[in-house]
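The values are calculated or read from the model by the stated rules, or taken from the named source; none is laboratory data. As the structure is a computational prediction, the values presented were derived from the model and not from experiment. These accessible areas exclude ligands, DNA and RNA; they are computed on the full protein's heavy atoms, side chains included. Shrake-Rupley method; radii C 1.70, N 1.55, O 1.52, S 1.80 Å.
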Amino acid sequence: MSILPDWNSIESTARWSDGLFWAGIIALVLLAATEVASHIYGSRSTSLVSERERVQLEASKQADRHHQTETERLINELSAAKSAMVSAQRDAAQARTQSQAAEESTDQAQADAAPRALSVEQKHYLIAALSPFSGQKVSITSIVGDADGDRFKQDFVAVLKSAEWRFDEKKDVEQTTTIPPLIGVQVTVNEDEVRAGRVLQSARVFVQALHKLGITKGNTLFVDNQVPVGMIKLTVGTMP
């Protein structure tokens, strides 16, 4: 061991022994200190890791909540938009229905307000249907004060004249008053003749032709004993 410094000196070896002892003590103290520091830093690292995980977890939960909130908001907005669209479609359909109803009402009002008249086709049809009974006696009557009915009556006067039915324009074309006011167009014959089973074929054809043309609602032949036997009375009442 002679290679160690001051190996052969009592004083020197004593100093080295004391120095090395205290150096060991200091080393032990430093070792303990480093162990404590290592433990403290290890605990701190674990705490920081836990804190980071907690923050990340909280951030993840917050992001999920935000995503859920956004999803619910979008669903609500889509639902509101769908409801608004359905409501708009319903309102548009209702508006179209009301508009159509208003147009139909206007058209009907205009049609109702339009004066009655026989079209060229209707005149030709009636003339063709009634001509086989040329010579048939007829009277044509309208209601007093009904200007529309009086004009409409003149169309029948022209048709019956073309079909060569017999009537005196001064006596058989007239105006009368009925209570209640007669509505529409009526063909009337003598009641006793009908009861006896003698119904004029010309009257039947006349009624059927008027119904087919939409001038009357049915094939109704009216009877009245004030109508002379063998004569047909055509009455043009007020507008239905």
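For the chain, DSSP calls about 20 percent of its internal beta bridges antiparallel. Just check the stretch 10-83 against the gyration tensor rule for me: Cα atoms, a ≥ b ≥ c as the square roots of the eigenvalues, rounded for a/c under 1.5, and otherwise prolate or oblate depending on whether a/b exceeds b/c. Cα axes put the stretch 10-83 in the prolate bin. When the residues L182, L20 are ordered by accessible surface, computed with a 1.4 Å probe over the protein chains alone, the sequence from largest down reads L20, L182. For the stretch 112-240, report the % of Cα-Cα distances exceeding 19 Å. Above the 19 Å cut-off, the stretch 112-240 has 45 percent of its Cα pairs. Across all directions, the shadow cast by the convex hull of the stretch 13-54 built on its C-alpha atoms averages 2.4 square nanometres. For the stretch 161-240, the tally of Lys pairs with Cα-Cα distances below 22 Å comes to 8, considering only residues 8 or more apart or on different chains.
Taking 18 Å as the straight-line reach from the Cα of K61, the aspartates and glutamates in range (excluding those fewer than 8 positions away in the same chain) are E51, E53, E70, E72. Extension gain, E174 to S45: 0.36 nm times the residue separation minus the Cα-Cα distance gives 34.2 nm. Sorted largest first by accessible area at a 1.4 angstrom probe radius, with every protein chain in place, the residues W22, W165 fall in the order W22, W165.
Hey, what angle do you get for helix 201-212 against the long axis of the chain, alpha-carbon based, 0 to 90 degrees rounded to 10? Value to nearest ten degrees: 20. The largest-to-smallest principal axis extents of the Cα set in the stretch 185-240 are 30, 20, 14 Å.
Applying 0.36 nm per residue to the separation of K61 and V29 and subtracting their alpha-carbon distance, the gain on full extension is 6.8 nm.
In the elastic network of the chain, a GNM with C-alpha springs shorter than 10 Å, the most mobile of P180, P132, P228 is P180. Heavy-atom accessible area, probed at 1.4 angstrom with all protein chains present, ranks K217, K82 as K217, K82, highest first. Of the options [x] 158; [y] 107; [z] 315, only one is volume of the Cα convex hull per residue in Å³ as computed from these coordinates, and that is [z].
For the chain, the share of accessible area belonging to carbon and sulfur comes to 57 percent (1.4 Å probe, ligands and nucleic acids excluded). Just tell me which aspartates and glutamates come within less than 15 Å, Cα to Cα, of K153; anything on the same chain fewer than 8 places away is out. Candidates past the 8-residue exclusion: D168, E169, D172, E174. Dividing the summed -39500 (n - 2.57) terms of all DSSP H runs of n ≥ 4 by the residue count of the chain sets its mean residue ellipticity at 222 nm at -22000 deg cm²/dmol. What do you get for the angle between helix 10-113 and the principal long axis of the chain? Use alpha-carbon atoms, 0 to 90 degrees, nearest ten. Roughly 0 degrees, rounded to the nearest 10.
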